[in-house]
Amino acid sequence: MEKSQKRLILFMPSMDGGGVEKNIIIVANYLSKFIKKIVLITFDSKFNKKFFKKIKIINYKKNNKKRHSKYFKYFACMLILIKEIIKNKHSSVFAFQANIYSSILSKIFNFKLIVRSNSSPSGWTKSFLKNYIFKKFFQYPVSIIVNSKKFKQQIDRKFNVESNLIYNPLNKSEILAKSKQNINLKIFKNKKSLKLINVARFTDQKDHLTLLKAFKKVDKKINCELLIIGYGPNEFQIKNYIKDNKLDYKIKILKYQENPFKFIKMSDVCVLTSRYEGLPNVLLESLTLKKFIISTNCPTGPSEILNNGKYGFLFKIGDYNNLANLILKYYNNKKKFKNKILSGYKSLNRYNLKNNCKKYYMEVKKVI
């Protein structure tokens with residue numbers, strides 16, 4: 001691959017530590033091997049160290065501790081993007097966030113744009129106006145990247161585009177290495193308990209109440225414990241439910257962890273209760289560590305990762321009774337379901353790190 005002399009701007013205003021952040025770090029570092037001039041625009045500097053030094057990073061604020069809304073971050077970083085485009089009109093942009101804003105700017109300032117859409121349209125196109133806006137402005141990017149087959153089907157049909165499917169590049173060696181790090185906290189109290197884990201932002205999208213309601217039912221029948229790792233606006237709602245239902249002794253909450261893999265490793269079952277996704281990284285990470293998965297059959301991603309239930313259990317969004325029954329089903333037949341875990345692990349070649357990063361590079365070559 002020839003190294004390009006043109007400049008690529010990576011645009012992701014709000015980096016908080018979720019799956020999208022993992023993907024942009026992997027992709028950016030890979031692209032920097034072949035593209036000399038890469039600029040990352042993001043609001044603050046808390047993830048700067050994860051990017052290779054070849055990448056120039058422009059932050060609105062350094063070491064920012066004050067909380068700002070997502071839209072404030074978008075606006076602040078768009079001003080930076082406009083300034084950079086005016087300064088160097090030969091730049092192209094790869095947006096991992098704020099896709100419509102980036103599309104509008106690409107039309108006004110005439111730059112080539114790639115966007116990566118991160119989650120199913122089911123979660124963010126509820127109104128006629130929003131549908132109209134996306135359908136109109138999604139005609140401007142050179143390429144729209146999505147990360148699962150059903151996601152591609154949805155977005156192509158809904159907005160009359162031809163998106164490009166690239167699976168999330170999975171860094172298996174990093175996951176396995178970090179999973180071996182020591183844990184200084186006592187997480188699970190009982191060695192014989194069924195150990196459940198959920199790693200997700202505390203938002204309505206992730207629907208923690210379904211998880212907690214199911215756990216309450218299961219706790220009455222078997223010896224089980226639950227670890228929840230996350231952050232976000234629904235934190236107090238989650239903690240209040242746990243306290244009101246006297247589940248404190250069985251549920252532990254940890255804030256965002258830079259290395260969640262060591263906690264996944266010590267668990268038995270990864271539970272995902274999302275209402276919508278794109279291609280949830282936590283399921284790929286859990287399969288890498290050979291953990292059993294129980295997930296909502298939400299749009300999109302889980303059914304594709306779990307091969308329609310062949311590699312784990314799927315249940316209807318919000319159905320905590322079914323979730324409780326599936327947890328009990330696994331608990332009572334653990335040995336029977338080992339083949340599901342092994343089959344899921346073997347299926348991970350689809351998410352090969354190098355192959356999928358190459359696909360990203362091929363898309364980027366269209367604009368530089």
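The values are calculated or read from the model by the stated rules, or taken from the named source; none is laboratory data. All of these numbers come straight from a predicted model, not from anything done at the bench. Cβ sites come from the backbone with ideal geometry, for glycine too, and all protein chains shown count toward neighbours. With ligands, DNA and RNA removed, areas are computed over all heavy atoms of the protein, side chains included. Shrake-Rupley method; radii C 1.70, N 1.55, O 1.52, S 1.80 Å.
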Matching residues in the range 205-221 (open to solvent by less than 30 Å² (accessible area, probe 1.4 Å) and not acidic (Asp, Glu)) number 9
Note on the range 114-173: residues of a type in the set (A, V, I, L, M, F, W, C) and within 28 Å of Asn307 (Cα to Cα) are Val115, Trp124, Ile144, Ile145, Val146, Phe151, Ile155, Phe159, Val161, Leu165, Ile166, Leu170
Q) Residue check: is Phe111 assigned to a strand (DSSP E or B), open to solvent by less than 30 Å² (accessible area, probe 1.4 Å) and aromatic (Phe, Trp, Tyr)? A) no
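Being open to solvent by 10 Å² or more (accessible area, probe 1.4 Å) and in contact (Cβ under 8 Å) with a residue 24 or more places away in the chain is the filter here, so list the residues in the range 126-143 that pass it.
Pass one, the range 126-143, residues open to solvent by 10 Å² or more (accessible area, probe 1.4 Å): 126-137, 139-142.
Across the range 126-143, the qualifying residues are Asn131, Ile133, Phe134, Lys135, Phe137, Tyr140, Pro141, Val142.
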By residue number, the members of the range 224-236 that are surrounded by 12 or more Cβ atoms within 10 Å (Cβ to Cβ) and over 22 Å from the mean Cα position of the chain (by Cα) are Cys224, Glu225
If we take the range 1-103, then strands (runs of 3 or more DSSP E) inside it with 3 or more residues that are more than 25 Å from Gln139 (Cα to Cα), among the aliphatic types (A, V, I, L, M) and open to solvent by less than 60 Å² (accessible area, probe 1.4 Å) are none
Original post:
Yes or no: Ser267 touching a strand residue (DSSP E or B) at 6+ places or on another chain (Cβ under 8 Å), surrounded by fewer than 20 Cβ atoms within 10 Å (Cβ to Cβ) and within 20 Å of Phe337 (Cα to Cα)?
Top reply: no
Over the range 153-184, the set of residues exposed (fewer than 10 other Cβ atoms within 10 Å of the Cβ) and under 30 Å from Leu226 (Cβ atoms) is Lys180, Asn182, Asn184
Restricting the range 305-363 to residues that are closer than 18 Å to Val218 by Cβ and of a type in the set (Lys, Arg), the one least open to solvent (accessible area, probe 1.4 Å) turns out to be Lys334
Scanning the range 114-124 residue by residue, those open to solvent by less than 10 Å² (accessible area, probe 1.4 Å) and at pLDDT below 95 turn out to be Ser117, Ser120, Pro121
Note on the range 26-70: residues among the hydroxyl-bearing types (Ser, Thr, Tyr), within 23 Å of the chain's Cα centre (by Cα), at pLDDT 90 or above and farther than 23 Å from Tyr167 by Cα are Thr42, Ser45
Just to be sure, is Asn198 open to solvent by less than 70 Å² (accessible area, probe 1.4 Å), closer than 29 Å to Asn332 by Cα and of a type outside the set (Val, Ile, Thr)?
yes
Checked pairs for the range 174-191, first more than 11 Å from Phe263 (Cα to Cα), second assigned to a loop (DSSP other than H, G, I, E, B) and open to solvent by 70 Å² or more (accessible area, probe 1.4 Å), C-beta under 9 Å and 6 or more apart or across chains, list as Lys189/Tyr249
Within the range 270-295, residues being within 21 Å of Asn190 (Cβ to Cβ), of a type outside the set (Phe, Trp, Tyr) and open to solvent by less than 10 Å² (accessible area, probe 1.4 Å) number 3
